[in-house]
Amino acid sequence: MALYALGELAPTISSDAFVHPDCVIIGDVRIGANASVWPGAVLRGDGGHIVIGDGTSVQDNAVLHTTPEWPTVVGRDCVLGHGVHLEGCTLEDEVLIGNHAQVLHRAIIHSGAVVAANSVVLPDLDVPSGALAVGSPAEIKHGRARMDDIRHGAASYRARIEVYRTGLRRLD
């Protein structure tokens, strides 16, 4: 993995986390226990901090950034799909962000909510618990999120940690 300090800002990664060797982590990034960061992901805490909660997966090619005014905070047991872009937003615990979705400044995604694939959550949008945010710009569909999908996704990525930790080997 490419870990970089930027001045005094340096990543803090739990010893129980799995961070793939082909991701990039810069600056004030805090990664919790049993969290995972997968190939091609970029977490750039150069202006403010990024928090990845325990058990959360940051999947392939995700981009997480922050600003001095708005940190990017992700709770525990969240699923951040492939190609997700988060910038200066807050995700509470047990949230699923679908592949290639974007969640922008000051948006809040509450526990048990889902942002559908390819959706764009505009600044300041508040997605309530149990809701599905879908479309570009995202519209709220109350009561449409499925907690089982979130929990299944989080558990499947936590299970992959040990498989990768013990079985991954480079062949070149």
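Throughout, read-outs are computed from the coordinates displayed, never taken from laboratory work. Note that this is a predicted model, so its numbers are computed, not measured. Every residue, glycine among them, receives a Cβ derived from its backbone with ideal geometry; neighbour counts consider all protein chains shown.
Remarks
- Of the residues Glu69, Glu8, Glu139, Glu94, the one with the fewest other Cβ atoms within 10 Å heads the list, and the complete ranking is Glu8, Glu69, Glu139, Glu94.
- The convex hull of the Cα atoms of the stretch 2-167, projected and averaged over all directions, covers 8.1 nm².
- If you run the Gaussian network model on the chain, springs between alpha carbon atoms under 10 Å, then out of Arg160, Arg151, Arg30 the most flexible one is Arg160.
- Residues whose placed amide H lies under 5 Å from that of Ser119, excluding near-sequence neighbours: Ala101, Gln102, Gly135
- Taking the C-alpha atoms only, the angle from helix 147-167 to the longest principal axis of the chain is near 10 degrees.
- Table column - 3J(HN,Hα) (Hz), the stretch 100-114, Karplus curve with 6.51, -1.76, 1.60, x for Gly and Pro: 6, 7, 10, 10, 9, 3, 6, 5, 10, 10, 7, 3, x, 9, 10
- Cut-off under 5 Å, modelled amide H: who pairs with Leu91 long-range: Val73, Val74, Gly75, Ile109
- Exposure proxy order (Cβ contacts within 10 Å, fewest to most) of Ile97, Ile108: Ile108, Ile97
- Relative contact order %, the stretch 1-156, counting alpha carbon pairs below 8 Å whose residues are six or more apart: 13 percent
- Couplings 3J(HN,Hα) of the stretch 11-27, computed from phi: x, 10, 10, 4, 5, 8, 7, 10, 10, 5, x, 9, 10, 10, 10, 10, x Hz, in residue order, whole Hz [Karplus 6.51 cos²θ - 1.76 cosθ + 1.60, θ = phi - 60°; x for Gly and Pro].
- A cut-off of 5 Å between modelled amide H atoms, ignoring neighbours fewer than 5 places along the same chain, links Val37 with Phe18, Val19, His20, Val58.
- A protection proxy built from the mean count of other Cβ atoms within 10 Å ranks the segments 109-121, 12-24, most packed first, as 109-121, 12-24.
- Neighbourhood charge, 13 Å Cβ-Cβ cut-off, centred on Cys89 and excluding it, Lys, Arg +1 and Asp, Glu -1: -4
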